[in-house]
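Beneath this line is the structure, given in structure tokens, with notes to follow.
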Amino acid sequence: MINKNWGEIMHGDERYQAGKRVSIISLVINLFLSVIKITVGFLYNSKALIADGFHSVSDMASTFVVMLSMKYSKVPPDENHPYGHGKAEAVGTIILSVTLIITGFIIAKDSISSIFSGAIAMPGNITLIAALISIGAKEALYQYTVKIGEKINSKGLIADAHHHRSDAFSSVAALIGIGGARLGYKFFDPLAGLVVAILILKVGIEILIDASHELMDGMPNQEKIDNISQHASEIKGVLTVSDVKVRSYGPRTVVDLTLVVKDTLSVIEGHAIASKVKEKIIEKHENVEEVMVHVDPEKIYLQNKDNH
């Protein structure tokens, strides 16, 4: 059955519009930074800055993916997708991570080639200024994006924020590499490009693992499971709570659990207890959209426990 309250969880169009605003700001800033860094890098001979510029290009691609996935994830449930389309964000995050991994490999290959070829030119002073501008802009963008991502509970937006942070770190690496090259250690510049590539690969792999966990209905941390069990146990008539499962659908969460009640209760009494449990869990856990409760008589529960 399609839940009529689906659109009430933070808050359909309002949530999408908040994410869209962040994404548009990210696109504009990354377009500016990528043009500056790639142009200055080519004109003034900095492999590290060019690598950092292409990292910003991958930021633009990832932001675009996040925008599309958030737009699709707010589509309400239908007959073919009774749990809604929230996992579109995880799919978008997977695409983002693959983009990062491919970008990292390309940059690493080019940097290693430059190091071993020995054909390294001295970067100009202006490349230092470009790297400093990038560090400040990307750190500010990270802080803004992660704040909004946590507020609207968007894994895609939070992943994009960490992409901004990795870009800030890569700009720091570029700054160090350029500075070392300017001091006479020319290999520092392509070496910094390699460090940037490794940072991009690390972030891409971490995001891939996290998104894959959600797509495979991986369980959240044990603390969340314990809290749900505790709140269900507080309802009068519940003897035991067992077999708690939690699945994520973008910002929304679906809970499955089993309650154990006295054998002497009627079906109506058992149903009333289950309804109270559902109401309390939804009340106490703001992102929980649905709670599916199975009720077992104590005798059946003990028999099943003995069999296992």
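Cα convex hull, segment 222-307: 89 Å³ per residue, rounded to a whole number. Can you give me the angle between helix 188-215 and the longest principal axis of the chain, using Cα atoms only, in degrees from 0 to 90, rounded to the nearest 10? Between the helix axis and the principal axis of the chain, the angle is about 10 degrees.
Considering only Asp167, Asp110, Asp243, the Gaussian network model of the chain with Cα springs below 10 Å gives its largest mean-square fluctuation to Asp243. Among Phe116, Phe188, Phe64, the largest mean-square fluctuation in a Gaussian network model of the chain (Cα springs under 10 Å) belongs to Phe116.
Build a GNM of the chain with springs between Cα atoms under 10 Å apart, and of Lys186, Lys276, Lys71 the one that fluctuates most is Lys276. Of all DSSP beta bridges confined to the chain, the antiparallel ones make up roughly 45%.
Over all alpha-carbon pairs in the chain, figure out the percentage whose distance exceeds 28 Å. So the portion of pairs separated by more than 28 Å is 50 percent. Each residue, Leu239 and Lys202, gets one label point 7 Å from its Cα in the Cβ direction; the gap between the two is 5.3 nm.
Peptides 101-108, 25-32, 152-159, ordered by how many other C-beta atoms sit within 10 Å of their residues on average, highest first, read 152-159, 101-108, 25-32. Computed per residue of the chain from DSSP H runs no shorter than four, each worth -39500 (n - 2.57), the mean residue ellipticity at 222 nm is -24000 deg cm²/dmol. Here the label points at His294 and Ile102, each 7 Å from Cα along the C-beta direction, are separated by 4.2 nm in the simple model. Positive-end ranking of Ala90, Leu31, Ile152 along the dipole of segment 6-215, with charges on Cβ about the Cα centre, is headed by Leu31.
Computed on the chain, with alpha-carbon pairs under 8 angstrom and 6+ residues apart, the relative contact order is 19 percent. Can you list the lysines whose alpha carbon is less than 29 Å from that of Lys109, not counting same-chain residues fewer than 8 positions off? Cα-Cα hits under 29 Å: Lys37, Lys47, Lys138, Lys186, Lys202.
Since every read-out is calculated from the coordinates, none of them should be taken as a lab result. All values reported here derive from a predicted model rather than from experimental measurement. Note: ideal-geometry Cβ built from the backbone for every residue, glycine included; neighbour counts use all protein chains shown.
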